[in-house]
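First the structure, in the form of structure tokens, and then the observations on it.
The values are calculated or read from the model by the stated rules, or taken from the named source; none is laboratory data. Everything numeric in this text was worked out from a predicted model, so none of it was measured. Heads up, the Cβs are rebuilt from the backbone with ideal geometry, glycines too, and the neighbour counts pull from every protein chain shown. Note: accessible area is taken over every heavy atom of the protein model, side chains too, but ligands, DNA and RNA are not part of it. Shrake-Rupley method; radii C 1.70, N 1.55, O 1.52, S 1.80 Å.
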Amino acid sequence: MLKAIQILGCSSGFISQRLKKPHSGNGFSLISSRTSYNSTPKSLSLRVIRMLSSPSQSNSDAPSSSSSSVAVHLAGNVRKIKFCQWCGGPAKHEIPDGEEKIRAICTLCGKIAYQNPKMVVGCLIEHDRKILLCKRNIEPSFGLWTLPAGYLEIGESAAEGAIRETWEEAGAEVEVISPFAQLDIPLIGQTYVIFLAKLKKPQFSPGPESSECCLFELDDIPFDSLAFSSIFVTLNLYIEDVKSGKVKFHYGTINKRLGTGPSDIRAFTLDYHLQV
């Protein structure tokens, strides 16, 4: 059961760190290059952004403890599949004819198990120039802040899933305005689709997966206590857009850095960044 409805106006004393303004002591640096392309009717801007950082306290990108993602481009992980999901027969691991990757193939029925990325959908909710965040009440990233988001379910559109997840995690009824960002994370087999949204009613309350929900001024967003690199990138892109006076649609690929451990949400590069 949801907790009592919380009226808007929560604030925080955390200090934010900006993507484009690194300074001494913040633990990361940023390299950015830009090439612009003009097209009709819109102007496209292509950027490559690289972020380097020292370890933080946050966990890896995964919105729920109930499902673990497989690094889809690492063929070795397919060996985790030991049995056929259809008939239960033992699996062998080979490259099927006409393909290039090692797959799990059932030795009884011959069916091939393909590993596909998961889609995570959520809402970036702005109200009175504040952003609604949820503090996670589950692992991974227990006690850290995130946008309301979760795995898309069969039978719903991306926008419908984002609305549902926002209700489940923040007890908020929202109206989707437009898509804001698509962020692919190939290493963990996830694609994030985040929508801009607004509250239908000025009320919200934490659901079972959240311990707290709060509206943050842009300068008070707790960047040192965010749960996932995807949320870190999304919020920085939004702040950058607000400062420029125009909110855009963003597409990019978050390449998690190997060898740094799953706890560092800033250990990544952001490549092929498209703004529309």
Between Gly207 and residues 5 or more places away or on another chain, the pairs with built amide H atoms under 5 Å apart involve Ala170, Gly171
Calculate what fraction, in whole %, of the accessible area of the range 116-198 sits on carbon and sulfur atoms when a 1.4 Å probe is rolled over the protein chains.
-> 54
1.4 Å probe accessible area per residue over the range 183-242, in Å² | 25
What aspartates and glutamates could a cross-link reach from Lys82, if we take a straight Cα to Cα line under 15 Å and drop same-chain neighbours fewer than 8 places away?
-> Glu94
Positive-pole candidate from Val121, Asn137, Ala159, dipole of the range 104-164, charges at beta carbon = Asn137
Flagged as over-length at 23 Å C-alpha distance, from Lys130/Lys201; Lys200/Lys243; Lys135/Lys246; Lys118/Lys243; Lys80/Lys256; Lys118/Lys246, the pairs are Lys200/Lys243; Lys135/Lys246; Lys118/Lys243; Lys118/Lys246
Considering only the range 124-276, percent of DSSP beta bridges that pair antiparallel, nearest 5 = 80
